[in-house]
Amino acid sequence: MSMIVRPATLEDADGIYAIEEESFSIPWSMDSITHDLANTELTMYDVLVRDDGRVEGYGGLWRVLDEGQITNIALRQDCRGNGYGELLLRVLMESAWEKGCASIFLEVRISNAAALGLYRKLGYQVVSVRKQYYSEPVEDAYVMVCKKETYHWAVK
Ligand SMILES: CC(C)(COP(=O)(O)OP(=O)(O)OC[C@H]1O[C@@H](n2cnc3c(N)ncnc32)[C@H](O)[C@@H]1OP(=O)(O)O)[C@@H](O)C(=O)NCCC(=O)NCCS
């Protein structure tokens with residue numbers, strides 16, 4: 001089974017919503033997802049898609065001037081741990097650098113070892129802590145940033 005990463009369209013909303021429900025205690029609403037997918041001036045969404053068309057993962061980013069903000073990144077459970085999360089995040093970030101972003105921010109639960117490992121691998125650093133930022137369960141968030149000049153490009 002091969003996979004590709006491509007820009008998301010409105011037709012991917014159901015697949016993205018299914019991943020949200022599988023991944024998070026408070027998933028994004030379908031309205032928020034379709035709003036972001038339609039608003040391509042300021043948002044960038046990519047999907048990881050299997051060759052039979054099933055959406056296996058997605059990542060999103062908002063752009064404001066030269067700053068990016070990762071909205072979310074998630075893969076279906078049975079797809080995790082095979083390098084696809086890294087591939088998806090690299091495609092999203094490298095598109096953001098090309099479109100003029102100089103730095104990319106994100107928030108992450110402080111206990112989320114897999115996401116933290118991925119972000120650190122690509123060059124993100126913790127810049128602050130947001131106390132009790134998350135609910136269900138209540139937990140602090142790390143705010144992390146990666147600057148274009150300190151991004152860890154993949155060895156080709
Ligand atoms: C976070 C997530 C997107 C990572 O994607 P993934 O496909 O599982 O990760 P990859 O296989 O691409 O791993 C890339 C790197 O991440 C780190 N990593 C991945 N899983 C890890 C784990 N369980 N523990 C620690 N580090 C881990 C490693 O540095 C790994 O690089 P390596 O293989 O060279 O060691 C995925 O696990 C996921 O969807 N999780 C649920 C949703 C979520 O928490 N999203 C983040 C919200 S902020």
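Numbers at a glance
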read-out	value
Residue in the range 56-68 that is closer than 24 Å to Glu11 by Cβ, within 13 Å of the ligand (Cβ to nearest atom) and among the hydroxyl-bearing types (Ser, Thr, Tyr) present	yes
Residues satisfying the stated conditions in the range 88-97, i.e. open to solvent by 40 Å² or more (accessible area, probe 1.4 Å) and over 10 Å from Asp46 (Cβ atoms)	Glu94
Test: Thr40 is under 25 Å from Gly123 (Cα atoms) and either of a type outside the set (A, V, I, L, M) or open to solvent by 10 Å² or more (accessible area, probe 1.4 Å) (or both)	no
In the range 74-85, residue nearest to the ligand (Cβ to nearest atom) [restricted to those that are open to solvent by 10 Å² or more (accessible area, probe 1.4 Å) and free of Cβ contacts under 8 Å to residues at least 40 places away in the same chain]	Gly85
Some residue of the range 98-110 being touching a Gly at 6+ places or on another chain (Cβ under 6 Å), part of a helix (DSSP H, G or I), without any contact (Cβ under 8 Å) to a residue 60 or more places away in the chain and closer than 24 Å to Thr40 by Cα	no
Test set (1) within 13 Å of the ligand (Cβ to nearest atom); (2) at positive phi; (3) open to solvent by 80 Å² or more (accessible area, probe 1.4 Å) - Val155 fails condition number	(2)
Qualifying residue in the range 29-43 (condition: within 13 Å of the ligand (Cβ to nearest atom), under 24 Å from Ala141 (Cα atoms), at pLDDT 95 or above and of a type outside the set (Asp, Glu))	no
Among residues of the range 8-28, those that are touching a residue at least 60 places away in the same chain (Cβ under 8 Å) and more than 13 Å from the ligand (Cβ to nearest atom), counted	0
The range 22-36, subset part of a helix (DSSP H, G or I) and of a type in the set (A, V, I, L, M), residue nearest to Gly59 (Cα to Cα)	Ile33
Filter result (open to solvent by less than 70 Å² (accessible area, probe 1.4 Å) and touching a Ser or Thr at 6+ places or on another chain (Cβ under 7 Å)) within the range 1-31	Ala13
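Per-residue answers, yes or no, for (1) under 27 Å from Arg130 (Cα atoms); (2) out of contact with any Leu (no Cβ under 8 Å at 6 or more places or on another chain); (3) acidic (Asp, Glu):
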residue	(1), (2), (3)
Asp52	no, yes, yes
Ala74	yes, yes, no
Tyr84	no, no, no
Glu107	yes, yes, yes
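So that you can scan it fast, the table gives a plain yes or no per residue for (1) assigned to a strand (DSSP E or B); (2) within 25 Å of Glu21 (Cα to Cα):
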| position | (1), (2) |
| --- | --- |
| Tyr45 | yes, yes |
| Tyr58 | yes, yes |
| Ile70 | yes, yes |
| Leu87 | no, yes |
| Glu94 | no, no |
| Ala114 | no, yes |
| Val126 | yes, no |
| Ala141 | yes, yes |
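The values are calculated or read from the model by the stated rules, or taken from the named source; none is laboratory data. Every value quoted in this text rests on a predicted model; they were computed, and no experiment measured them. With ideal geometry, Cβ positions are generated from the backbone for all residues, glycine too; neighbour counts draw on all protein chains shown. With ligands, DNA and RNA removed, areas are computed over all heavy atoms of the protein, side chains included. Shrake-Rupley method; radii C 1.70, N 1.55, O 1.52, S 1.80 Å.
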